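J.: Quick one: the structure is below, and I'll ask about it shortly.
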Amino acid sequence: MSPPLTDATKTAATNRRIVVPFVDLKTQSDLIADEIEGAIADVFRAGRFILTEEVTAFEAEFANYCGAKHAISVNSGFDALVLALRVAGIGPGDEVITVPNSFFATAAAVSHAGATPVFVDCEPGTLSIDVNHVESAITPRTRAILPVHLFGRLADMRSLCALAEKHGLRIIEDAAQAHGAEDLERSAGTFGELGCFSFYPTKNLGAYGDGGAIVTDDGKLADDLGSLRNYGEREKYHHHLLGVNSRLDALQAAILRVKLPRMFAWTEARRRVAARYAEKLEGLPVTVMAPPRRWEDPCDHVFHLFVVELDDRDEVRSALAAEGVQTGVHYPVPIHLQPAYHFLGKGRGSFPVAERSADRLLSLPLFPEITDEQVDYVVDVLANILAARS
Ligand SMILES: *Cc1c(COP(=O)(O)O)cnc(C)c1O
């Protein structure tokens, strides 16, 4: 039996006009259900499930989408990062410069490759790695820079590539949130030697389960990655590398092949939603974080997330939830303050921009199928909440 409604919950419930989920995967999968079911049925009928031609075909199509020569599919975005680091020869004793304001996987991959993540703070506003801090973090042990295209916005790749070249470092991109973000002639994942993607269901290109990929133009790295993700085999039962089992399922490859051609339309839809939010939020006491370089041509941003910064985030978030607006927080605890990383000895105060933003960021509902009505409702509810608090 559910508890009786209090007067307060009754009022909220009866005034509620619509519910806006933070992400709605079902609407999208319903729209493409026939094609997905056909693709899945084909895999079943073929009766082969591991490293099939579906997987090879998806890899070629995804490489082409990114403008890379090769794509090697793996089991997750995390595995993409670990294997990219390993194939680049990064391991124990090495340092990798990255950011504390990302999903935990970014730093955990460095650690699981056997190396040490060295954090530098992000830049206020863009929340991308602060290039001005990178140089002073370089030591004789530094081997690579691992930038994150946070929320789908390209980091400052030109400056980072110039720095990497000057110091003889590799660049490995965490492009898990940035499928298709572009800067003139290059696309996320192809600025450095290796670019890592996730196909976690809520990512811009999401499987119906886990998946990931690494893109590269280097044929030797591609070869070794293809082998590393399959127990280091080149020939059946002959293992020349100490590889792992990290293969993308044929079923997931078949699903991703149905979704990939729709990415252009879905990315455009995300950009339209973001522009609508940005316009409607003008005048409210919130700041749009990690905006594209130019709103008129937001090619460098694929809006995995639409994130604002505001005061009293947690209270505003609860008030939104009470009106049916679901939101997210990316991410509430910077990586250096996670218990798993206490051993690095980087306490509170180490990275002030990342720490301050962790307490103030709020991700608004965004998915390609969100309606204008839903977006306007989110902004109206937010405006009312903020007005009542001022
Ligand atoms: C999702 C994500 C990952 C990890 O991807 P999984 O497929 O979940 O392992 C890594 N880095 C970033 C920035 C991500 O958003």
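The values are calculated or read from the model by the stated rules, or taken from the named source; none is laboratory data. Keep in mind that what you see is a predicted model, and the values were worked out from it rather than measured. Positions of Cβ are backbone-derived with ideal geometry, glycine not excepted, and every protein chain shown enters the neighbour counts.
J.: Can you give me the number of residues within region 66-89 that are of a type outside the set (A, V, I, L, M, F, W, C), away from the ligand (no atom under 16 Å from the Cβ) and buried (at least 19 other Cβ atoms within 10 Å of the Cβ)?
T.: So the answer is 1.
J.: Can you tell me which residue within region 280-308, out of those that are crowded, with 19+ Cβ neighbours inside 10 Å and outside any loop (DSSP other than H, G, I, E, B), is farthest from the chain's Cα centre (by Cα)?
T.: Of everything passing the filter in region 280-308, 281 is farthest from the chain's Cα centre (by Cα).
J.: Please determine whether any residue of region 252-259 is under 30 Å from residue 293 (Cα atoms) and touching a residue at least 40 places away in the same chain (Cβ under 8 Å).
T.: Checked region 252-259: at least one residue is under 30 Å from residue 293 (Cα atoms) and touching a residue at least 40 places away in the same chain (Cβ under 8 Å).
J.: Okay, next question. Is it the case that some residue within region 149-168 is out of contact with any strand residue (DSSP E or B) (no Cβ under 9 Å at 6 or more places or on another chain) and within 11 Å of the ligand (Cβ to nearest atom)?
T.: Checking region 149-168: not a single residue is out of contact with any strand residue (DSSP E or B) (no Cβ under 9 Å at 6 or more places or on another chain) and within 11 Å of the ligand (Cβ to nearest atom).
J.: Could you please tell me which pairs satisfy a Cβ distance under 6 Å, a separation of 6+ or placement on different chains, a first residue in region 183-205 that is of a type in the set (S, T, N, Q), and a second residue that is within 8 Å of the ligand (Cβ to nearest atom) and assigned to a loop (DSSP other than H, G, I, E, B)?
T.: 198/176; 204/304
J.: Among the residues that make up region 127-138, is at least one of them closer than 21 Å to residue 179 by Cβ, within 16 Å of the ligand (Cβ to nearest atom) and in contact with an Asp or Glu (Cβ under 8 Å, 6 or more places away or on another chain)?
T.: Looking for residues that are closer than 21 Å to residue 179 by Cβ, within 16 Å of the ligand (Cβ to nearest atom) and in contact with an Asp or Glu (Cβ under 8 Å, 6 or more places away or on another chain), one finds at least one in region 127-138, hence yes.
J.: Right, another one. Among the residues of region 357-382, which ones are assigned to a helix (DSSP H, G or I) and either surrounded by fewer than 14 Cβ atoms within 10 Å (Cβ to Cβ) or of a type in the set (A, V, I, L, M) (or both)?
T.: Scanning region 357-382 gives 358, 372, 373, 375, 376, 378, 379, 381, 382.
J.: Residue 135 passes all but one of (1) more than 22 Å from residue 232 (Cα to Cα); (2) crowded, with 24+ Cβ neighbours inside 10 Å; which number fails?
T.: (2)
J.: Another question about this same structure. Filter region 90-110 down to residues that are in a strand (DSSP E or B), away from the ligand (no atom under 12 Å from the Cβ) and not charged (D, E, K, R), then give me how many there are.
T.: 2
J.: Would you pick out the residues in region 38-78 that are of a type in the set (D, E, K, R) and more than 18 Å from residue 255 (Cβ to Cβ)?
T.: Residue satisfying the conditions is 69 alone.
J.: Out of 234, 247, which single residue is over 29 Å from residue 303 (Cβ atoms) and either at pLDDT below 95 or assigned to a strand (DSSP E or B) (or both)?
T.: After applying the criteria, what remains is 234.
J.: Does any residue of region 198-212 turn out to be closer than 19 Å to residue 61 by Cα and away from the ligand (no atom under 15 Å from the Cβ)?
T.: No.
J.: Here is a follow-up. Give me the pairs, please: first residue somewhere in region 360-383 and at negative phi and among the aromatic types (Phe, Trp, Tyr), second residue anywhere and assigned to a helix (DSSP H, G or I) and surrounded by fewer than 16 Cβ atoms within 10 Å (Cβ to Cβ), beta-carbon distance under 9 Å, and either six or more positions apart or on two chains.
T.: What qualifies is 367/25; 367/27.
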